[in-house]
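The values are calculated or read from the model by the stated rules, or taken from the named source; none is laboratory data. Just so it is clear, the structure is predicted and the values come from calculations on it, not from any experiment. Positions of Cβ are backbone-derived with ideal geometry, glycine not excepted, and every protein chain shown enters the neighbour counts.
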Amino acid sequence: MPIEEPAPRSIASLYPEAALGPEWRLFWLKAVLACGMLGGFLLAPKLWLAERDYPLCPVSDLLPNVPPPLDHVWFGTLIVLLVVIAATPYARGLIGVVVALAALLSLWDQSRWQPWFYQYLFMLAAFAFARGEQPLTIARFIMAATYFWSGLQKCNAAFLSEVYPWLLEPFLSEPAREFARPGGIVIPFIEAGMGIGLLVPKLRMTALILVLAMHVALLYCLGPLGHDWNRVVWPWNLAMMAAAVLLFWRTPEISFRAIVWPSSRYAWLVLLLFGVMPFFSLLGLWDSYLSAALYSGNGIQADIIISPKVHDRLPRAIQRYCKARGGTFVVDLDSWSMGELNVPSYPARRVFRRVARSFCVLAPEPADVVLLVHESPHWWTGIRAQTREDCEALHGALLRPAFRLESASTSSRSNLSEGRLTHGRFTEDQPWNRCRRRPRGERDGSGPWGVVGAGPAGSEV
């Protein structure tokens, strides 16, 4: 059955004289979402391309490579389609194409599952898979659930002791921050209450005002006048403000039940992903980035500790993110991801392991590369347990590192630091006995850099 949608008699019906009607809200919500996703793509283009140093983390090793220039064409197609969608009154078919292309492209790298992308994707998908005014209802639920769970995620000691003081830095001096620190106790409940308030007609306008104030404060804190950090979320905050007004301003007729109770199969899916699954992230059973854990302080963190031998074999572009510490070097994954991709590293153990395994091919001994995971903090004490895994432990799964070293010759391994890490594959005879790298176009592993270093137990890399 074809999906019905309101069709305006003319473009004029989308402008102020028809303001607040469902057609007007649908058009401008679609435009805001398309522009927001477009802004995120343009601010983090390397996140979506294969040729880069930071390793790709596909959901499955069975996925084929997406080599240049196919990745550029794929990414460019998304950009063009988003521009068209933003300017076209109704473009359900194009939205479906964008959702499919973007979702597929994200499978090649889990680092692309950033919170802003996840939200944009499902809110835009509502225009392709829901009927009539249902995209508005689904978007309202996603927005309310995001604020609710984002607040609950902050109910932990690490937010109070680490994140909240950092957020206050652009606003208050150090003595004033200490005085204001107890206010961090109520912030999680205010934000969660905002999500509930958006669902309740009598509380909706108050909640909307608080939402707008929060985003203004976040833009100041994260923007050029504040920390100048995580620029990719700047347009997301602007889009959230615009979407909140479009969805909740002057909507007393929209009841709590109308927003929460699903009216289609797609709405049931959204209820599951945005309303139910975030609870499991609190138990460590669902990704925090898919659970509105935004500046919450409760996610896992990781560092990669490497020996000087491994450090010296790294390309210089990666060495800049290594900090000397006690005779070893620590690879700062967040700084590396932010520096190259303009997004934070994806906080999931499987992603951290994948990145760490990419260093193991340069390690003479398994202990030369250690993944140090700082577990989620205890909600009351804020203390983080730590787990360590060396290459032997990390190598439990089939190795397919996400980068490839180029321009290193077999006769001059010291020149390896001049190499470049790009997307590629490793093939193995046995996991730790031989790990020979095969460059594009070569079948026997020979060539200008067929052997690039000594692997564990005398293996050839």
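Here are the numbers for the structure shown:
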| quantity | calculated |
| --- | --- |
| Residue in the stretch 164-182 that is crowded, with 16+ Cβ neighbours inside 10 Å, modelled with pLDDT under 95 and over 25 Å from residue 135 (Cβ atoms) present | yes |
| Matching residues, the stretch 287-319, being of a type in the set (Val, Ile, Thr) and either modelled with pLDDT under 95 or in a helix (DSSP H, G or I) (or both) | 310, 318 |
| Pick from the stretch 269-319, criterion crowded, with 18+ Cβ neighbours inside 10 Å, over 19 Å from the mean Cα position of the chain (by Cα) and β-branched (Val, Ile, Thr), ranking: nearest to residue 153 (Cα to Cα) | 304 |
| Test for residue 107: is it surrounded by fewer than 23 Cβ atoms within 10 Å (Cβ to Cβ) and in contact (Cβ under 8 Å) with a residue 40 or more places away in the chain | yes |
| Residue that is farthest from residue 229 (Cα to Cα), among those in the stretch 354-379 that are surrounded by fewer than 20 Cβ atoms within 10 Å (Cβ to Cβ) and in contact with a Gly (Cβ under 9 Å, 6 or more places away or on another chain) | 364 |
| From the options 73, 99, residue that is out of contact with any helix residue (DSSP H, G or I) (no Cβ under 9 Å at 6 or more places or on another chain) and part of a helix (DSSP H, G or I) | 73 |
| Residue selected from the stretch 22-65 under the condition within 15 Å of residue 76 (Cβ to Cβ) and surrounded by fewer than 17 Cβ atoms within 10 Å (Cβ to Cβ), by the criterion modelled with the lowest pLDDT | 51 |
| Subset of the stretch 219-249 (residues that are touching a residue at least 12 places away in the same chain (Cβ under 8 Å) and in contact with a Lys or Arg (Cβ under 9 Å, 6 or more places away or on another chain)) | 222, 246, 247, 248, 249 |
| Answer residue from the stretch 117-133, given it is of a type outside the set (Phe, Trp, Tyr) and buried (at least 20 other Cβ atoms within 10 Å of the Cβ) and is farthest from residue 106 (Cα to Cα) among those | 130 |
| Hey, residue 212 surrounded by fewer than 20 Cβ atoms within 10 Å (Cβ to Cβ), in the same structural domain as residue 273 (by TED's automatic domain parsing) and touching a residue at least 12 places away in the same chain (Cβ under 8 Å) or not | yes |
| Residue check for residue 177: touching a helix residue (DSSP H, G or I) at 6+ places or on another chain (Cβ under 6 Å), in the same structural domain as residue 25 (by TED's automatic domain parsing) and either more than 21 Å from residue 229 (Cβ to Cβ) or not hydrophobic (A, V, I, L, M, F, W, C) (or both) | yes |
| Residue satisfying all of: in the stretch 320-353; touching a strand residue (DSSP E or B) at 6+ places or on another chain (Cβ under 6 Å) and not in a helix (DSSP H, G or I); surrounded by the most Cβ atoms within 10 Å (Cβ to Cβ) among these | 331 |
| Matching residues, the stretch 83-94, being in a helix (DSSP H, G or I) and farther than 14 Å from residue 36 by Cα | 92, 93, 94 |
